[in-house]
Structure formats: C-alpha cells, structure tokens
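Student: Quick one: the structure is below, and I'll ask about it shortly.
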Amino acid sequence: MSCVDDALLQMYVEGVLDAADEEILRAHLARCPRCRQHVAAYKELMWDLEHLPEPAVPKELDQLHETLLRAWNEQRRESSRSRRARGLIPAWAGYSVGWARYAMPLDLVGGLLSRAGKQVLASRLPLARRFLKKG
Amino acid sequence: MHTDDEIIRLCQQGRSEGFALLLDRYQVRVYRRAYTFLRDREDALDAAQEVFMRVLQAIRHFERGRAIWPWLRQVTTNTCLNRIRAAGSRPATVPLDGEWEHLEATTLEGDPEHRAMVAWDRERLELALGELPPEYRMVIVLRHQEEMSYEEIAQAMRLPLGTVKTYLFRARRALRAAMEGARAPSGRHAVAPSQAEEVWQ
C-alpha cells in the first residue's frame, strides 16, 4: 500500500493531475521511496500497455473482404432498383395531371347546373364562385 | 495512395473500388481493435463484419474532410460494447497460443535473458488483460492504445466520467497486482528499489 491514494499516483504518471496536486505529490515523492516505487511500477505498466504486440491477422479476413464487397455490390444494385422504382412515381403523377386537362372545365360544369345548384356549389367552394357567377 | 477523402468520395459515388480501398486500409485495424476488446477470434471477425455492414449503410452520410479512423473506431467500440453488454456475465476468454505476433525485433534486442524476461512479461500482461472484466479492458485499450482522454472514453462508451476513471484505476491496479503476483514465485521483485529509482529519475 502506498501512503498516497493509488488513483493520484496513476494520474501523476499519466500527467493529468492539476498543477497544484502535482506539486504536492512531487514534494511527497521526493521523500517517500515507497511511493516512488509505486510510481515506477505504474510507469512500467503504462509503457508496456502502450507497446503491446498487435494480434495476428487471421486468414478469414480475406474471405470477409470478399463477403463485404459482395454486400456492397448487392446494396448498390438494390438502391439503383429502388431509385428506378421511385422514378416511376413522377411519371405516373405526370400522366394523371395530363389527363386532367381533358376534364370538363369548372365554368362549363356551372353552365349545366341549375341556379340552386350553383348557389350550393358556390357556398361550398369559394374558389369556384367567380366562375359560377358568370353563368 | 488515396487519401481518406478520396476513398469517401469514391464510396459516395457508389464505386466499389472506393469500398475496396476502405477495406484494404482499415479492415485489419478494425479486426485488431475488436480482438483487443473481445479477446476472441470468432467474435472479433463477426464484430468486424458488423462494423463494415454498418459503415456500408451509413457512408453516404459521412462528412467529407473528416478522418475515417475515429469514426470507424467509434463504430467498432459501439459494436463490441453491444456484444459485451449482450453477453452479460459470460466469462472473459483468454487468447489462444500463437494468437499474438512476435514482437518487433527492435523491442527484443539485448541479451537472451533480457529478451526472455520481456517476452514473459508481455505474455503475462496479455493473460492479465484477458482476465479483466471486458469493460475494464475496453477502457484500458482506449486509453493506452488509442490515447483517448478520459472524457473521450466516457463519450465513446456512454459512461459517466467518474465510472471511466474508476474502471481505469481498478484495471491498472489489477494488472499491476497480476504482474507482481506472477513475478513473485520466480524470486523477481515487481520493481526492485534500485530500478524504481532509475525509472523515477
């Protein structure tokens, strides 16, 4: 056991203590061989942790590379299919708008209506009012 | 040599060579990071696959000009964290023999006895890391191998800052104890007082 909190010693080794704490700890370390020993042990440990050897690369990673590339290509195909499908919607909407021009104009509809019918329609559809008034 | 930005641009244009380049550059790194978190080859391979499947879905939203690795590291951390948390109380596994590459020649220079001691220490440290609770190990890896700050680790692991510090301090204490415990029977002192003075200096 060290006479200083172990966490403080670790933070000191990492260099993340604030200046005031570091100064106090430094003064303590200057006269405490036991704490110096703890600090040295943590320095060694942290150095070792920063220099760990890398894990070996398994052969299966080549296979994974291929699998992921296939998944990429599949996703590209899928998204271009769905883009094409989305592309059909504006076309369909365009056709329906195109057909609308052959529909009977509103003022012509008004001509066919009785006076009472025009009044009812004008009261429900304010936009149609100005066409229907003409009739 | 393509830059990260060029790779992202190719991917966002939907070109498979962009994704192939991304895999060439980062697949091993993602696998290794996943392995250091999970300590299991199969789990790490599955995690690496999951990471790149997520990347595949999200890459069109990736902001150009940013470095890829911090993003991949975050996705890897999240993926491994989900696996660790889902596994719950599953005991940690230790690495198989030969799972770790030989150390670089430069780090093993010196007399045979010294080389053997360094190798033995590394092996012991690997075993001790494998015995840590997975979240402690993740904190250690993010701090000492990814050089992330406490705050960055807290954000990456979605943990309170105080918890990150607690995990880190406990993990290092446990590692030290494991190293010293292993050295004691062979008559070697953890850090001899004379050595301690040298390191201290």
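Student: So which residues in region B:37-64 are more than 7 Å from chain A (Cβ to nearest Cβ) and under 13 Å from A:Val57 (Cβ atoms)?
Tutor: B:Ala44, the sole residue that qualifies.
Student: Here's another thing I want to ask about it. Filter region B:53-80 down to residues that are under 18 Å from B:Ser16 (Cα atoms) and in a helix (DSSP H, G or I), then give me how many there are.
Tutor: Number of matching residues: 10.
Student: Could you pull out every one of the helices (runs of 4 or more DSSP H) wholly within region A:25-135 that has 3 or more residues that are modelled with pLDDT under 65?
Tutor: Passing ranges, in order: A:60-100, A:106-112, A:129-134.
Student: A further question on this structure: Residues being surrounded by fewer than 16 Cβ atoms within 10 Å (Cβ to Cβ) and away from chain A (no Cβ under 11 Å): count how many of those fall in region B:163-181.
Tutor: Of the residues in that region, 2 qualify.
Student: Within region A:27-41, track down each residue that is within 7 Å of chain B (Cβ to nearest Cβ) and either under 40 Å from the mean Cα position of the chain (by Cα) or surrounded by 15 or more Cβ atoms within 10 Å (Cβ to Cβ) (or both).
Tutor: Within region A:27-41, A:Arg36, A:Gln37, A:Val39, A:Ala40, A:Ala41 meet the criteria.
Student: When residues of region B:5-36 are filtered for being of a type in the set (Gly, Ala, Ser), more than 7 Å from chain A (Cβ to nearest Cβ) and without any contact (Cβ under 8 Å) to a residue 24 or more places away in the chain, how many remain?
Tutor: 1
The values are calculated or read from the model by the stated rules, or taken from the named source; none is laboratory data. Note that the coordinates shown come from a computational prediction; the quantities given were computed from them, not determined experimentally. A quick note on method: Cβ atoms are made from the backbone with ideal geometry, for glycine too, and the neighbour counts reach across all protein chains shown.
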